[in-house]
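Take a look at the structure set out below.
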Amino acid sequence: QVQLVESGGGLVQPGGSLNLSCAASRAIFTSSFSFLAWYRQAPGKQREWVASITNSGATDYAISAKGRFTISRDDAKNTVYLQMNSLKPEDTAVYYCYCNAGGPWGQGTQVTVTS
């Protein structure tokens, strides 16, 4: 199973930006079924889907993320990114990446948006 490690979170003011990374232990996009998704979970709330990218490069976003977040790939580095712009306090959460060839959820990376 591929292992995923999230990084790039931090503390940022409203309107700021962060670029999250999901580093994989091996190639993720190896078949037409392959995909990578970002999820987030705020304290006391359920984990929610944020964005995804497929083997073909097609992307999709939650309504809350569309127009502000961009998911992308660097296959040479086995890494998927989530560029987050125009951040809002409601974006505060632990962010996780997930793929259909991966194992259990990892530790995620904390994003905190506050003044």
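A few remarks follow.
- Cβ pairs under 7 Å, 6+ apart, first in the range 36-50 and among the hydrophobic types (A, V, I, L, M, F, W, C), second not in a strand (DSSP E or B): L36/I28; A42/T92; W49/A62; V50/A62; V50/A65
- Residue within the range 73-82 that is closer than 27 Å to Q1 by Cα, β-branched (V, I, T) and at pLDDT 95 or above present: yes
- Once the range 86-115 is narrowed to residues that are among the aliphatic types (A, V, I, L, M) and assigned to a loop (DSSP other than H, G, I, E, B), the residue that is most open to solvent (accessible area, probe 1.4 Å) is A101.
The values are calculated or read from the model by the stated rules, or taken from the named source; none is laboratory data. Everything numeric in this text was worked out from a predicted model, so none of it was measured. No Cβ is skipped: glycine too gets one built from the backbone with ideal geometry, and neighbour counts run over all protein chains shown. For accessibility, only protein heavy atoms count, side chains too; no ligands or nucleic acids. Shrake-Rupley method; radii C 1.70, N 1.55, O 1.52, S 1.80 Å.
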